[in-house]
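Throughout, read-outs are computed from the coordinates displayed, never taken from laboratory work. No experiment lies behind these values; they were computed from the predicted model shown. Virtual Cβ from ideal backbone geometry, glycine too; neighbours counted across all protein chains shown.
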Amino acid sequence: MSRELPLWEVFVRAKNGLSHRHVGSVHAADARMAIEGARDVYTRRLEGVSLWVVPSDAITASDPGEAASLFEPAEDKVYRHPTFYVVPDNIKHI
Amino acid sequence: MYVQEVKTASLGDRPVPVVVEDPARLAAFEARVAADEFVEPKDWMPEAYRKTLIRQISQHAHSEIVGMLPEGNWIGRAPTLRRKAILLAKVQDEAGHGLYLYCAAETLGVSRDQMTQALLAGKAKYSTIFNYPTLTWADMGTIGWLVDGAAIMNQVPLQRTSYGPYARAMVRVCKEESFHQRQGYEAVMVLAAGTPEQKAMAQDALDRWWWPSLMMFGPPDDQSPNSAQSMRWRIKRDTNDELRQKFVDITVPQAEALGLKIPDPDLRWNEEKGGYDFGTPDWDEFFAVVSGEGPMAHERLTARREAWDNGAWVRDAAMAHADKRTARVAA
């Protein structure tokens, strides 16, 4: 059997002013074909004005097993939020 | 389009190897799912959950792809340019739905080619509905109205299914499916309000598609062995019989508005339960069609195999071209 066409992750910018957002993936031999495939699969109803395609194997993801050590330390640092600080009501514009 | 997850023969025949899993991890997983949290691709999951999802999502994807065939059959014979453009867009959507779903299944560690090969080898299932022939133009409208209608009924709860990529694919699919159903109903409306011959054609299509549509919700709950586990894992959110009842309740008034008759002598309103009582589909026929005995089963798979084989040189040429360019850049 022939080699499988490589996998690409697809990102769509819904309109200018917004970031590209991950929507799914396509198989394609090269970047040009991946863009064309992504256009047909993910933007049939004006879902976007710009596409990114990235080879799936170029993405490094964080390990869900490390989610606790990566993200939980932020939980006890409420002083990073403005509402942590009590300011009298008569102080305006702060 | 949609397929209920159907147990494949090969899984029933052989003893399934028991994977011993860490009870603490399993309990944590069950708790997360019970709390309606989404499971994402790299998260730990029980092997049985992964396998059930691969089977269900790939069957669902295959159904979308095979589902293009009965409708593609009528693109060249659509009665007007308007209808032709609509049908083309719908069939293209089905291809898109198949691709969203294949890519969701791929996040579980199965490759696209493995899934394609399973379909072409006749090892994978797809919805029984596509093993019935599309004999007249009225079938196009009726499929949109009933088959896509049943699909919506099945797919809406799947937008909250526990596996994130599957749920997200369903959100996209459901948005597009509504167009499929409405264009179908509109096409049947035109026929039902047309000449006596056109109205008869619409009635004939309803007569042929009604029961296969009810079968799309899968076997009765007491004959659906995987349902309980799938409900517990939030892969499924409603039982087959609940969805079938809902479908009948909303579809009967739609048929009445068209002046068409549902082909079920046992159909009557039950005031007490606030829904319709209806007859039992021919489940022997359902199981025969699932195992590949539908009138069109052979033709559907042959068409898919030819498409795959005839496209092989294109895939190979595209890869050879990409390889050549990569080599040139490296040099």
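Here are a few things to note about the model shown:
- Label-to-label distance, nm, for residues given as B:His298 and A:Trp52 (7 Å Cα→Cβ offset): 5.2
- Residue-averaged beta-carbon neighbours from other chains (10 angstrom radius) around A:23-34: 6
- Take B:100-109, B:128-137 and order them by the average number of nearby Cβ atoms within 10 Å per residue, most first; the result is B:100-109, B:128-137.
- Shielding of B:321-331 by partner chains, average beta-carbon count, 10 Å: 2
- Computed over all pairs of different Cα atoms, the Kirkwood value for the hydrodynamic radius of segment A:7-80 is 14.3 Å.
- Of the complete DSSP H runs in chain B, those spanning 24 angstrom or more by Cα along the long axis with a mean Kyte-Doolittle score not below 0.0 are B:81-106.
- P(r) of chain B over all Cα-Cα pairs, binned every 10 Å from zero, in whole percent: 5, 24, 32, 23, 11, 3, 1, 0
- The amide H of A:Ser25, built 1.01 Å from its N in the peptide plane, has A:Val10 as neighbours under 5 Å, considering only residues 5 or more places off or on other chains.
- Value at 222 nm in deg cm²/dmol, rounded to 500, when DSSP H runs of n ≥ 4 in chain B each add -39,500 (n - 2.57): -20000 deg cm²/dmol
- The number of Lys pairs in segment B:25-145 with C-alpha atoms less than 25 Å apart, excluding pairs fewer than 8 positions apart on the same chain, is 4.
- Here is the list for segment B:181-286: GluC sites (Glu not before Pro) lying in DSSP coil, each with at most 14 other C-beta atoms within 10 angstrom of its C-beta, are B:Glu271, B:Glu272.
- The alpha-carbon of A:Lys15 sits under 21 angstrom from the alpha-carbons of these lysines, leaving out residues fewer than 8 places away in its chain: B:Lys175.
- Here segment B:230-273 and segment B:175-208 have alpha carbon centers that stand 19 Å from each other.
- Peptides B:158-168, B:56-66 ranked from most to least packed by the mean count of surrounding Cβ atoms within 10 Å: B:56-66, B:158-168.
- Residue exposure sequence - B:Val329, B:Val290 - by fewest surrounding Cβ within 10 Å: B:Val329, B:Val290
- Distant-in-sequence amide H partners of A:Ser50 (H built 1.01 Å from N, under 5 Å): A:Arg13
- The protein assembly as shown - convex hull of the alpha-carbon atoms, volume per residue in Å³: 242
- Cubic angstrom per residue, convex hull over Cα atoms of segment B:181-331: 227
- Rounded to 10°, Cα long-axis angle of helix A:31-42 versus longest principal axis of chain A: 70
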